[in-house]
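The values are calculated or read from the model by the stated rules, or taken from the named source; none is laboratory data. Quick caveat, the model's predicted, so the values are computed rather than measured. Neighbour counts are summed over all protein chains in view; Cβ atoms, including those assigned to glycine, are modelled from backbone coordinates with ideal geometry.
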Amino acid sequence: MKKVIDETGFNRTLTRLAHEILEKNKGAENLALIGIRTRGEFLAKRLREVIWTIENLELKIGILDITLYRDDLKEIHYQPLLKGTEIDFDINKKDVILIDDVLFTGRTVRAALDELVDLGRPSSIQLAVLIDRGHRELPIRADFVGKNLPTSLNEEVKVAMKEIDSEDSVYLKTLNIGGE
Amino acid sequence: MSLENRHLLGLEGVSKNDIQLILDTAETFREVLERPIKKVPTLQGKTIVNLFFESSTRTRISFELAERRLSADVVNFSADMSSLKKGETLKDTARNIEAMKIDMVVMRHGAPGAALFLSKVINSVIINAGDGSHEHPTQALLDLYSIREKYNHIEGLNVCIVGDISHSRVALSNIHGLKTMGANIAVCGPATLIPRELDRLGVKIFNRIDEAIEWANVLNVLRIQLERQDKSFFPSLGEYRKYFAVTKDKIQKINKNITIMHPGPINRDVELSADLADGEHSIILQQVLNGVAVRMAVLYLLGTRS
Amino acid sequence: MKHLLKNCMIIDPEVQNNGPVDILIVNETIEKIGAGIADLKMDNVIDMQGYIVAPGFIDMHVHLREPGFEHKETIESGTLAAANGGFTAVCCMPNTNPSIDDQSLVKWIIQKGKESNNGIVDVFPIGTITKAREGKELSLMMELADAGAVAFSDDGSSVQNSELLRRAMEYSSMSNKPIIQHAEDPFLGKGGAMNEGFESTRLGISPIPSITESSVIARDLIIAGYTNAAYHAAHISCRESVELIKNTKNKMQKISCEVTPHHFTLTDEAVRNFDTNTKMNPPLRTKDDIIALKEGLRDGIIDVIATDHAPHSFDEKEVEFLFAPFGIVGLETAIGLSITELVVTGYLTLMQLVEKFSVNPRKILHLPQVTIREGELANLTIISPETEWIVQVDKFKSQSKNSPFNNYKLKGKPIGIFNHGRIYLSS
């Protein structure tokens, strides 16, 4: 297991992402942050803090549980626990920043987009991820990327966050061949 | 997290964990029901057959909405019990339908044990939508959900089921579910409509509505089936209303906060006064809404169980 | 034909038991009983070590289903099941189609019995009490008796009309045949499918209270006392019935009753999985009722064990519990259940068991008694009281397999029967 981002790097990356989001959107007025459970939710909260320190503006924040939109419910061996989507504001005409920890096949983002579209009609949806590890299976790209991390398929990217793990960091782990 | 059984045939023997999982999952679907588009693609490609041998419009609509909101393909089959007695057997009917490649069957049937029987003769996942006066688990689950929504807990509450307990489709499932979740349970009704040895299920029995109201936090008022009158269970609807109907003055006399539930359809001013049904104590319409969410939760948990 | 049964333990109330003996049968007759009969020039020598030999068992409550319901059972298959279960005779109930309310049908059934399985099992028809079992007018009882009917019953239905029942009792006494009543009140528990109590409450199944039976028996006993009739209560199932009969029996000699093995073996808890093979009428009752039935047998209040053998086809029972027909097959498990539940537990001795299965039913029906003595016709039931075996319904000779006892482990097994010069060995 190899640490690819440490705590300092983690915070620096978040700050850069916040700046890029603000720059591209020319400010924060119409932005809303929506994180995909589980770590996307915490990343969204962190980004809100950073943006508050920069712009002194508290953004609306939502949590997306994409379980009901997954296309692999039949194939997975365990049944994921439904925790629910929590978005207590109207996303219509908002510029939604969709946030997740790792962009991989693109299927999670596909599910999230489908769900967002069911929830309303935002002006735009932009995707922000901490890590893009490649290997896309769908035509999806991120608008904001913390770090591009070239990986092979037998590697796993593990994002640790203080909210549920003991530290802020990103690890790259090589899986045993023949493992899942 | 998965349910222990691949069918939902009843609440007897269902663990507290499983009931909790269903109720928690239903919370998510309550949120889905508040969305502009009240539909998720979760059960896309699954075919669900609603096999109704008794007309129960509400239960069928509630299940059908739940199924469609999960994007399942839905087929309705309705027949009456008399056709079952004469014509094709349940086994043949079910096997024929199953041969058309279906995934789940939601069945309403007049005979106790019919859902269990069905689970033995076909392979699909079975959800019992009422088997005679045996079990009706989703109704009890939606009642539990509604009680929990109101009080934030179920344990320790005094819940009294009022009316025709013997012929009720919902009493037994409610008793099992409430017991598992730690509530205190009572029934109240004419002695002729309370089945023998019910107390052995850990149920208190009242024959006086005033005592029941005094005791209860929640009254779950059952529909009095008008067509039962010829069987001499009680002399007249008038007498029933006088002694067993839940009315505002009977509640006000005791002057306490009480929650009124009813599985519907209500005979207004027979078992329940109209002002109570529509009043502040009533959570009857929440029950209906929660019914869809709870059924979505059950369909989701059983339909995606690997 | 010479048959030599070696080392037989004879259990017969009429015969002193002096340890194992050999029985020599020539054609149909017991030629010699004694120790160490030489097995020279015998056609058939069987060692009966460990087995008991008893006067042939008779099951006085059997549904052979023929004519009318041959998809459930026939006289051929039913008598084979009887032989396999250790019975040399059966009485068949008249709820056939048409019902046995006509002397030509009585004669036809007797004839058919003689032709079935070489006539090894005697078939004694029971005629109806009322025409077509409709409970409206008396059947031709004198004619039925003359044709060979051994008793009268509307089994499956109760004679409800008290006036008619009184007249039936009076009229049947002329032919010295008992009235066998299926005691069931038509209103109490109407539409029910199992015993009323905690279990029916839990399962939501509409119930049949025990008073459905006992209230009718109470009335019947009063009428039987008034008319001094021979009255036999079929398949009693509950404590109240036992107590009612107990209180009347010492005053009235002609009162008798029977119990089925399933009623003293299973309680209504067996219904919990909605197995339609636990649905019978009267229904399975409670533990307390079982104790009363067993004590009733022990104390001589219950005279007879009869099976109420009620075959139904697989498809008929493969339905919702509510829609399934009442009844189970019983011929091939009766001896095993009785020994397991009554003899092993000390309620009955083997001698008393023989009385319940052989002596008492013949007494009630005024049939000639069967004994194991030199010069008598050989009519024998052979049982291994110690053999433990597992019930397998697919091995039943009965055409129907509707038994709740599949895979039951029982102690005591029928070994075979001897009747009319023929031997049948159970499988």
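Set side by side, the residues B:VAL40, B:VAL121 differ, and just one is more than 23 Å from A:ILE66 (Cα to Cα) and either crowded, with 18+ Cβ neighbours inside 10 Å or within 13 Å of another protein chain (Cβ to nearest Cβ) (or both), which is B:VAL121.
Taking the listed residues B:ILE161, B:ILE194, B:ILE205, the one that is within 14 Å of another protein chain (Cβ to nearest Cβ), surrounded by 24 or more Cβ atoms within 10 Å (Cβ to Cβ) and modelled with pLDDT of 95 or more is B:ILE161, with no other qualifying. Return a yes/no flag: does segment C:89-99 have any residue that is under 20 Å from the mean Cα position of the chain (by Cα), part of a helix (DSSP H, G or I) and surrounded by 24 or more Cβ atoms within 10 Å (Cβ to Cβ). For segment C:89-99, residues under 20 Å from the mean Cα position of the chain (by Cα), part of a helix (DSSP H, G or I) and surrounded by 24 or more Cβ atoms within 10 Å (Cβ to Cβ): absent.
Candidates are the residues of segment B:24-62 that are among the small types (Gly, Ala, Ser) and modelled with pLDDT under 95; the one that is nearest to A:VAL117 (Cα to Cα) is B:GLY45. When we screen C:SER200, C:SER175 for residues that are outside any strand (DSSP E or B), under 20 Å from C:ALA324 (Cα atoms) and assigned by TED's automatic domain parsing to the domain that holds C:LEU322, the only hit is C:SER200. The test for being more than 30 Å from B:ILE165 (Cβ to Cβ), assigned by TED's automatic domain parsing to the domain that holds C:ARG285 and within 22 Å of the chain's Cα centre (by Cα) does not hold for C:SER237.
Being within 14 Å of chain C (Cβ to nearest Cβ), within 22 Å of the chain's Cα centre (by Cα) and assigned to a helix (DSSP H, G or I) holds for only one residue in B:ARG200, B:ARG295, and it is B:ARG200. I'd like to check something: does segment C:148-157 contain any residue that is buried (at least 19 other Cβ atoms within 10 Å of the Cβ) and more than 17 Å from the chain's Cα centre (by Cα)? Looking through segment C:148-157, none of the residues is buried (at least 19 other Cβ atoms within 10 Å of the Cβ) and more than 17 Å from the chain's Cα centre (by Cα). For B:LEU219, the conditions (1) in contact with a strand residue (DSSP E or B) (Cβ under 7 Å, 6 or more places away or on another chain); (2) within 14 Å of chain C (Cβ to nearest Cβ); (3) not polar (S, T, N, Q) are fulfilled apart from (2). Going through (1) surrounded by 24 or more Cβ atoms within 10 Å (Cβ to Cβ); (2) more than 12 Å from chain C (Cβ to nearest Cβ) one by one, B:ASP103 falls short only on (1). Condition first: modelled with pLDDT of 95 or more and either crowded, with 23+ Cβ neighbours inside 10 Å or over 19 Å from B:GLU34 (Cα atoms) (or both). Now tell me which residues in segment B:280-292 satisfy that. Within segment B:280-292, B:SER282, B:ASN290, B:GLY291, B:VAL292 meet the criteria. Annotation: of all residues in segment C:321-348 being of a type outside the set (A, V, I, L, M), within 21 Å of C:PHE69 (Cα to Cα) and outside any helix (DSSP H, G or I), the one that is farthest from the chain's Cα centre (by Cα) is C:PRO325.
Output yes when any residue across segment B:72-90 is in a helix (DSSP H, G or I) and within 14 Å of chain A (Cβ to nearest Cβ), and no when none is. No, that holds for no residue. Exactly one residue among B:ARG95, B:ARG58 is among the charged types (D, E, K, R), away from chain A (no Cβ under 14 Å), touching a Gly at 6+ places or on another chain (Cβ under 7 Å) and not in a loop (DSSP other than H, G, I, E, B), and that residue is B:ARG58. For segment C:349-367, the condition holds for no residue, the condition being that it is buried (at least 23 other Cβ atoms within 10 Å of the Cβ) and outside any helix (DSSP H, G or I). Within segment C:156-215, take every residue that is within 14 Å of chain B (Cβ to nearest Cβ) and aromatic (Phe, Trp, Tyr) and give me the one that is farthest from B:ALA171 (Cα to Cα). Only one residue fits best here, namely C:PHE187.
Tallying residues that are more than 14 Å from chain B (Cβ to nearest Cβ) and either in a helix (DSSP H, G or I) or closer than 13 Å to C:SER237 by Cα (or both) within segment C:279-299 yields 14. Within segment C:250-278, track down each residue that is in a loop (DSSP other than H, G, I, E, B) and under 18 Å from the mean Cα position of the chain (by Cα). The answer is C:THR260, C:LEU266.
All of C:ALA224, C:ALA229, C:ALA218 fail the test of being crowded, with 24+ Cβ neighbours inside 10 Å, of a type outside the set (D, E, K, R) and either more than 18 Å from the chain's Cα centre (by Cα) or in a helix (DSSP H, G or I) (or both), apart from C:ALA224.
Filtered by the rule that a residue be in a strand (DSSP E or B), closer than 18 Å to C:ASN118 by Cβ and not polar (S, T, N, Q), segment C:41-88 gives a lone residue, C:PHE87. Residues in segment C:1-36 that are under 21 Å from C:ASN419 (Cβ atoms) and part of a loop (DSSP other than H, G, I, E, B): 8 in all. Those residues that are touching a helix residue (DSSP H, G or I) at 6+ places or on another chain (Cβ under 9 Å) and touching a residue at least 12 places away in the same chain (Cβ under 8 Å), I need them from segment C:10-33; list them, please. The answer is C:ILE11, C:ASP12, C:PRO13, C:GLU14. Here B:HIS176 clears all of (1) touching an Asp or Glu at 6+ places or on another chain (Cβ under 6 Å); (2) in contact (Cβ under 8 Å) with a residue 24 or more places away in the chain; (3) not assigned by TED's automatic domain parsing to the domain that holds B:GLU214 except the condition numbered (3).
Please determine, by comparing only the residues of segment C:300-339 that are among the aromatic types (Phe, Trp, Tyr) and over 18 Å from C:SER237 (Cα atoms), which one is surrounded by the most Cβ atoms within 10 Å (Cβ to Cβ).
Among those residues, the one meeting the criterion is C:PHE321.
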